[in-house]
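The values are calculated or read from the model by the stated rules, or taken from the named source; none is laboratory data. Keep in mind the model is a prediction, meaning the values are calculated, not measured. Please note: Cβ atoms are built from the backbone with ideal geometry, for glycine as well, and neighbour counts cover all protein chains shown. What goes into the accessible areas is simple: the full protein's heavy atoms, side chains included, and nothing from ligands, DNA or RNA. Shrake-Rupley method; radii C 1.70, N 1.55, O 1.52, S 1.80 Å.
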Amino acid sequence: MNPDPHTFPSDAPEKIPPVPPGSTESTGAENDAQTVQDMRFMRRALALAQEAAEEDEVPVGAVIVRDGCILAAARNTRETSRCATHHAEILAIEEACRKLGGWRLPGCTLYVTLEPCPMCAGAAVNARIERVVFGARDPRAGACGSVLDICALPLNHRFETTGGVCAEECRSILTDYFRGKRKKPVHDTRDPVSTTDLPAEASPSAM
């Protein structure tokens, strides 16, 4: 088992294999290589989100990609670590910086299953991330166009944004997680999940 649940065991970037002919990822997007690539990497982030859900963490996963290789991958650990900053995006950015040997991440794309919050979007700005690709929108805390658009501010760096990649899958994993939380009694000593932490898609009124 990998001793570090947030990253790959080797410092070597993980190369994603080509999409096989006839796969569901290539259907309807044969003429758009960027869309196919976005879906491939978002599926990796979704796998990390599922791992987070299995550890009773809010299911959000993130990967950072450069030149077709995954530099870093992480999932939410906020509840386990009891640290407010341990969002998937922050942990992935930290790991990518370690691997590249500096705080700038030029040419890198951040893939994340839920629209980044202001903290994570700000970290992407500070790390000089070139592009942010997210799945589900977060109308309660999203900082890439939902609540605010950090790239509309007069900052010293702006990243390109693409939203809605594998949106239904990203939304479903969140909705299923929070629906399950409401059905289960709380037996641990952690703070109960607040409905203010839910994206609107997972709120009781949306179910």
Region 133-171, subset assigned to a strand (DSSP E or B) and among the polar types (S, T, N, Q), residue farthest from LEU100 (Cα to Cα)
THR162
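Select, from GLU130, GLU115, GLU168, the only residue that is farther than 21 Å from GLU95 by Cα, of a type in the set (D, E, K, R) and modelled with pLDDT of 95 or more. Give the derivation first.
Values: GLU130 fails: farther than 21 Å from GLU95 by Cα; GLU115 fails: farther than 21 Å from GLU95 by Cα.
Only one candidate passes the filter, namely GLU168.
So that you can scan it fast, the table gives a plain yes or no per residue for (1) modelled with pLDDT of 95 or more; (2) under 21 Å from ARG78 (Cβ atoms); (3) among the basic types (Lys, Arg):
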position	(1), (2), (3)
ASP4	no, yes, no
PRO21	no, no, no
GLN34	no, no, no
ARG66	yes, no, yes
What single numbered condition from (1) out of contact with any strand residue (DSSP E or B) (no Cβ under 6 Å at 6 or more places or on another chain); (2) open to solvent by less than 30 Å² (accessible area, probe 1.4 Å); (3) more than 21 Å from ARG98 (Cβ to Cβ); (4) not basic (Lys, Arg) fails to hold for ASP56?
(2)
For THR175, are the conditions met, namely being modelled with pLDDT under 60 and either among the β-branched types (Val, Ile, Thr) or in a loop (DSSP other than H, G, I, E, B) (or both)?
no
For residues that are closer than 21 Å to GLY68 by Cβ and in contact with a Lys or Arg (Cβ under 6 Å, 6 or more places away or on another chain), tally how many sit in region 107-142.
4
Of everything in region 86-132 that's in contact with a Gly (Cβ under 8 Å, 6 or more places away or on another chain) and assigned to a strand (DSSP E or B), which residue is most open to solvent (accessible area, probe 1.4 Å)?
LEU114
